[in-house]
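Data block below; observations after.
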Amino acid sequence: MKKIIFILMFFSFTAKGYSQQDTSLPLVKVIKGKYADFAVDNLGNILLLDSNNQLKKIDPNFDSVAIFNDVRKYGKVFSIDAGNPLKILLYYRDFGTIVVLDRLLNVRTTIDLRKQNIFQAKAICQSYDNAVWVYDEGEAKLKRIGDDGNIIDQTGDFRLQLDEAPSPAFIEDHDRLVYLYDSSKGLLIFDYFGTLKNKLAFLGWQDFQLAGKYIVGRKGVLLERYQLASLSLEEKLLLGILKNVDKIRISGDRLFCLRGGYLYVYSL
């Protein structure tokens, strides 16, 4: 029988790592612009998407590296995946299309999900073997797709082992497991065969990500970090930093916050 761990989260003054006072962090850089989204790879390079759908890459020293301008063909970019610094994924949800870029933002290939009859895919990510994980909501399956657009492998129907199929906003492949996060259902952790290994009731999180040995998420102005090994939850109140942010990411010792079109970089 599969062991499923449910963790009921609540705010408590006695919770480990909780602080009633705002924690300030040193500001490293403010990148001004009209940015709508961003991503950070594991080398510290930043990918900035502006309101005109232009993608710009800058290095950890904030110097410009490359620009991708061919942005209007597939409409608005829905998400950016920079899990592999050498292979950037741009997902155009309205057209069911993934554009694969190299490290200099040149187009390597284009994947049309509609050719595989995938019409309801809200989340994608890089897979362990350099392919792409796509969650097909229409069939409630995880599908692994190659650069040629063909399905390499797929799981069974998740509705057969869950009360209700998830609608994940985020997917990440990490340490031989696939993490699906649905803010209304929590975090579901599967192996590569689609077997549910764990379920964590982290509800209402924004900006879910895996950062090293931690699971990180934002709940309003609270930054929450959960360590799988010790089952410990830490919460940090960042009122002045997280108020009115659109998105955050953690990479290395830096916290990146998108707010009002500007990207703010803090030292952790």
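The values are calculated or read from the model by the stated rules, or taken from the named source; none is laboratory data. Since the model is a prediction, treat every value here as computed from it, not as a measurement. Cβ coordinates were reconstructed from backbone atoms using ideal geometry, including for glycine residues, and neighbour counts include every protein chain displayed. SASA here: full protein model, heavy atoms, side chains in, ligands and nucleic acids out. Shrake-Rupley method; radii C 1.70, N 1.55, O 1.52, S 1.80 Å.
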Determine whether the stretch 207-215 contains at least one residue that is surrounded by fewer than 20 Cβ atoms within 10 Å (Cβ to Cβ) and polar (S, T, N, Q).
-> no
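Does R159 meet the test of being among the charged types (D, E, K, R) and under 26 Å from Q209 (Cβ atoms)? Break it down stepwise before answering.
Working: among the charged types (D, E, K, R): yes; under 26 Å from Q209 (Cβ atoms): no.
So R159 does not fit the description; no.
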Confirm whether K243 is under 30 Å from I58 (Cβ atoms), touching a residue at least 12 places away in the same chain (Cβ under 8 Å) and surrounded by fewer than 17 Cβ atoms within 10 Å (Cβ to Cβ).
-> yes
Across the stretch 130-165, what is the number of residues that are touching a Pro at 6+ places or on another chain (Cβ under 9 Å), open to solvent by less than 10 Å² (accessible area, probe 1.4 Å) and not in a helix (DSSP H, G or I)?
-> 2
Which one of F202, F193 is open to solvent by 10 Å² or more (accessible area, probe 1.4 Å), more than 24 Å from L49 (Cβ to Cβ) and either in contact (Cβ under 8 Å) with a residue 12 or more places away in the chain or not aliphatic (A, V, I, L, M) (or both)?
-> F193
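Hey, can you tell me all the residues within the stretch 165-174 that are free of Cβ contacts under 8 Å to residues at least 40 places away in the same chain and within 21 Å of G217 (Cβ to Cβ)?
Applying the first criterion (free of Cβ contacts under 8 Å to residues at least 40 places away in the same chain) to the stretch 165-174 yields 165-166, 174.
If the condition is that a residue be free of Cβ contacts under 8 Å to residues at least 40 places away in the same chain and within 21 Å of G217 (Cβ to Cβ), then P166, H174 are the ones that fit.
Quickly run through the stretch 126-138 and pick out the residues that are free of Cβ contacts under 8 Å to residues at least 40 places away in the same chain and in contact with a Phe, Trp or Tyr (Cβ under 7 Å, 6 or more places away or on another chain).
Kept after step one, since they are free of Cβ contacts under 8 Å to residues at least 40 places away in the same chain, are these residues of the stretch 126-138: 129, 131, 134, 136-138.
Listed by number, the list holds a single entry, G138.
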Log entry, pairs with first residue in the stretch 139-156 being closer than 15 Å to I111 by Cβ, second being open to solvent by less than 50 Å² (accessible area, probe 1.4 Å) and small (G, A, S), beta carbons closer than 7 Å, six or more apart or on different chains, reads R144/S127; R144/A131; I145/A131; G146/A131; I152/A131; I152/G146
Please note which strands (runs of 3 or more DSSP E) are completely contained in the stretch 70-129 and include at least 1 residues that are open to solvent by 90 Å² or more (accessible area, probe 1.4 Å) and more than 16 Å from R144 (Cβ to Cβ).
-> 107-112
Residue pairs qualifying under the 8 Å Cβ cut-off, at least six apart or on distinct chains, with the first in the stretch 61-84 being closer than 14 Å to D102 by Cβ and the second being among the acidic types (D, E) and in a loop (DSSP other than H, G, I, E, B), are V65/D59; A82/D41; N84/D41
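Quick one: in the stretch 254-264, of everything that is over 18 Å from the mean Cα position of the chain (by Cα) and surrounded by fewer than 19 Cβ atoms within 10 Å (Cβ to Cβ), which residue is farthest from S24 (Cα to Cα)?
Initial filter on the stretch 254-264 (over 18 Å from the mean Cα position of the chain (by Cα)): 260-262, 264.
In the following step, the residues that additionally are surrounded by fewer than 19 Cβ atoms within 10 Å (Cβ to Cβ) were identified as 260-262.
Numbers: G260: 19, G261: 21, Y262: 19 Å.
For the stretch 254-264, the residue satisfying everything is G261.
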Would you kindly identify the strands (runs of 3 or more DSSP E) lying entirely within the stretch 166-268 that contain at least 3 residues that are of a type in the set (D, E, K, R) and in contact with a Lys or Arg (Cβ under 9 Å, 6 or more places away or on another chain)?
-> 232-237
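Those residues that are open to solvent by 40 Å² or more (accessible area, probe 1.4 Å) and of a type outside the set (D, E), I need them from the stretch 54-69; list them, please. First the steps, then the outcome.
So the first thing to find is which residues in the stretch 54-69 are open to solvent by 40 Å² or more (accessible area, probe 1.4 Å), and the list is 54, 56, 60-65, 67, 69.
If the condition is that a residue be open to solvent by 40 Å² or more (accessible area, probe 1.4 Å) and of a type outside the set (D, E), then Q54, K56, P60, N61, F62, S64, V65, I67, N69 are the ones that fit.
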The correct count of residues that are touching a residue at least 24 places away in the same chain (Cβ under 8 Å) and either in contact with a helix residue (DSSP H, G or I) (Cβ under 9 Å, 6 or more places away or on another chain) or over 15 Å from G261 (Cβ atoms) (or both) in the stretch 47-59 is 4
